[in-house]
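Below is one structure, written out as structure tokens; comments come after it.
What follows is calculated from the coordinates using simple rules that are stated; it is not laboratory data. Bear in mind that the values here come from a model prediction, so they are computed numbers and not experimental data. Counting neighbours? That spans all protein chains shown, and the Cβs are built from the backbone with ideal geometry, glycine included.
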Amino acid sequence: MQERPMTETADAVLTAPKGYTLEEVTWVHHWTDRLFSFRCTRAPALRFTSGQFTMIGLMVEGKPLTRAYSMVSPAWEEHLEFLSIKVPDGPLTSRLQHIRVGERVLIGQKPVGTLVPENLLPGRNLWLLATGTGLAPFMSLIRDPEIYDRYERVVLAHTVRQVAELAYRELITQELPRHELLGEMVAQKLIYLPAVTREPFPVQGRITTRLEQGLAEREAGVAPLSPEHDRAMICGSEAMNADCKALLEARGFVEGSNSAPGTYVLEKAFVTK
Ligand SMILES: Cc1cc2nc3c(=O)[nH]c(=O)nc-3n(C[C@H](O)[C@H](O)[C@H](O)COP(=O)(O)OP(=O)(O)OC[C@H]3O[C@@H](n4cnc5c(N)ncnc54)[C@H](O)[C@@H]3O)c2cc1C
């Protein structure tokens with residue numbers, strides 16, 4: 001049996017440091033050996049906007065060890081859900097990947113972030129461009145009715161290396177269109193464009209290449225990306241973000257922020273050290 005790393009568990013007497021609550025893990029799902037999701041309880045006082053992130057983590061040797069994580073769950077949901085990478089020697093995820101139901105995680109009480117609807121000017125179609133765990137904030141947004149009130153079409157382009165890394169694919173394609181409250185909006189407005197770069201799959205290749213060639217728009221069945229009608233949110237690696245930013249700005253898109261809305265916004269899915 002695999003040795004479990006040194007983290008305090010629900011058995012230990014824990015007090016949350018200032019700005020955090022300790023929440024109980026209620027569900028864990030491993031997608032691959034590099035990717036997992038988990039749910040935990042949500043403090044009634046925790047408020048956030050779908051698309052935001054917060055600091056989460058574990059108490060390790062009496063001290064908080066935390067990292068930024070986007071909420072996968074929408075703002076209206078009672079529980080919280082996260083999608084996480086497993087970095088073998090990562091200070092947090094080498095431990096967090098072993099988390100079990102009943103154990104407790106630290107959840108920061110001050111969510112923030114730029115991937116929120118208010119940071120974009122009104123538009124016709126919304127493009128959500130993600131690689132890897134950059135999908136997380138968009139899983140929150142595509143389950144928020146507000147996004148469907150604001151846009152005619154919501155195009156979610158998720159690009160990963162291997163097919164198994166297309167987390168939430170079944171939820172997006174099978175469950176959401178049948179969802180009691182969101183089903184009709186999702187079925188009419190959400191267009192899902194999964195793509196894989198290192199394995200055979202119906203759609204292969206990077207999103208920037210597919211947008212440059214007009215392929216992504218064709219896959220989605222919408223008009224070519226333009227700042228006049230379209231809005232975009234980007235969440236991927238630093239390289240992916242830089243490529244998407246360059247592509248959008250070359251077409252006249254302007255970056256929005258919490259102080260001034262624009263025609264696109266971006267957030268790093270992680271920081272490369
Ligand atoms: C705004 C923001 C939101 C984030 N949201 C998420 C999220 O929802 N889910 C998530 O898993 N991570 C997310 N991250 C990354 C997260 O904060 C940690 O870096 C990650 O959990 C690894 O922590 P660690 O301590 O194990 O390793 P770290 O020391 O933090 O990272 C070690 C190295 O692992 C690589 N790495 C880190 N995170 C990722 C990742 N997500 N995908 C691929 N490679 C990675 C990088 O090369 C990094 O230098 C986010 C980061 C930022 C800045």
Seminar exercise, completed: Projected onto the charge dipole of segment 20-108 (unit charges on the beta-carbon of Lys, Arg, Asp and Glu, signs +1, +1, -1, -1), the Cα from GLY90, LEU46, MET59 with the largest positive-side position is that of GLY90
Seminar exercise, completed: Most exposed to least, judged by fewest other Cβ atoms within 10 Å, ILE207, ILE234 sort to ILE207, ILE234
Problem set entry | Gyration tensor (alpha-carbon) shape descriptor, segment 45-155, a/c threshold 1.5 | prolate
Exercise. Where nothing but the Cβ of Lys and Arg (+1) and of Asp and Glu (-1) is charged, how large is the charge dipole of the chain around its Cα centre, in debye to the nearest 20?
Worked result: 400 debye
Problem set entry | Alpha carbon convex hull of segment 117-266, projected area averaged over orientations, nm² | 8.2 nm²
Seminar exercise, completed: To the nearest 0.05, the calculated FRET efficiency linking VAL163 and ALA45 through their beta-carbon distance, R0 being 30 Å, is 0.15
For this session: Compare ARG42, ARG34, ARG206 in a GNM of the chain, Cα atoms joined below 10 Å, and give the one with the largest fluctuation.
Result: ARG34
Exercise. Which order, highest average first, do 80-86, 90-96 follow once you tally other Cβ atoms within 10 Å for each residue and take the mean per peptide?
Worked result: 80-86, 90-96
Problem set entry | For the chain, the fraction of alpha-carbon pairs in successive 10 Å shells from zero, as % | 7, 30, 35, 21, 7, 1
Exercise. Can you give the Rg to Rh ratio of segment 20-108, both from alpha-carbon atoms, with Rh computed by the Kirkwood formula?
Worked result: 0.93
Exercise. Which ordering of SER50, SER237 is given by a fewest-first count of other beta-carbon atoms within 10 Å?
Worked result: SER237, SER50
Seminar exercise, completed: If each part is reduced to its alpha-carbon centroid, segment 30-54 and segment 60-130 end up apart, in Å, by 5 Å
For this session: Show which lysines lie in cross-link reach of LYS18 when reach means a straight Cα distance below 18 angstrom and same-chain residues fewer than eight apart are skipped.
Result: LYS63, LYS110
For this session: May I ask you to compute the full-extension gain from LEU121 to GLU228, defined as 0.36 nm times their residue separation minus their alpha-carbon distance, rounded to one decimal in nm?
Result: 37.5 nm
